[in-house]
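Everything on this sheet refers to the single structure shown next.
Bear in mind that the values in this text are calculations on the coordinates, not laboratory data. Remember, it's a predicted structure, so these values are computed and weren't measured experimentally. Cβ coordinates were reconstructed from backbone atoms using ideal geometry, including for glycine residues, and neighbour counts include every protein chain displayed.
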């Protein structure tokens, strides 16, 4: 493993945490009657973005020649993840709901970290070239 692949590994771990967490311990609200709120669909969208981010990170680990482009591709995915819960897809209105107290803040932090790490990876690849 080279220094250039460390950011890809970090993004991979964060992306897996996003994808798994959005459906489990960081997930959306659970309604007693089994219905879905808007936050459920925000969590599903976050799952998809986390999966895309994980695939990009895996490709960056396996394809050393295209790392910079893959790191650049991770940036808009991270921005979309930052905007999804609460901006692009509504979540519950009550501040005491699980999606407002746990899911949205956790996803903001995790996607912000992936954004910073992907940007750092892009700059590192460029500096080492």
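For region 88-125, backbone nitrogen atoms closer than 12 Å to the point 7 Å from residue 33 Cα along Cα-to-C-beta are found at no residue.
Computed from the C-beta positions of residue 6 and residue 83 and an R0 of 22 Å, the FRET efficiency is 0.20 to the nearest 0.05. Counting beta carbons within 10 Å around each of 30, 125 and listing the fewest first gives the order 30, 125.
Which option, [x] 13.8, 42; [y] 17.4, 56; [z] 15.7, 57, is the value of Rg and Dmax of the Cα atoms in Å that was calculated from these coordinates? Recomputing Rg and Dmax of the Cα atoms in Å here picks out [z]. A simple spin-label model places pseudo-atoms 7 Å from Cα toward Cβ; at residue 119 and residue 24 they are separated by 3.0 nm.
By the count of other C-beta atoms within 10 Å, a proxy for reagent exposure, 97, 103, 128 are ordered fewest to most as 128, 97, 103.
Over the chain, what is the relative contact order in percent, taking alpha-carbon pairs closer than 8 angstrom and at least six residues apart?
It rounds to 35 percent for the chain.
Name the residue, out of 47, 102, 63, whose mean-square fluctuation peaks in a Gaussian network model built on the chain with Cα pairs under 10 Å. So, out of 47, 102, 63, the one fluctuating most is 63.
Arrange 44, 67 by Cβ neighbour counts within 10 Å, fewest through most, would you?
44, 67
Relative to the current alpha-carbon distance between residue 127 and residue 13, full extension at 0.36 nm per residue lengthens the span by 38.7 nm. Estimated from helices alone, the mean residue ellipticity of the chain at 222 nm is -23000 deg cm²/dmol (sum of -39500 (n - 2.57) over DSSP H runs with n ≥ 4, per residue). Extension gain, residue 75-residue 94: 0.36 nm per intervening residue step, less the Cα-Cα distance, totals 3.8 nm. Expressed as an acute angle from 0 to 90° and rounded to the nearest 10, what is the orientation of the C-alpha long axis of helix 67-83 relative to the principal long axis of the chain? Orientation of helix 67-83: about 20 degrees from the principal axis.
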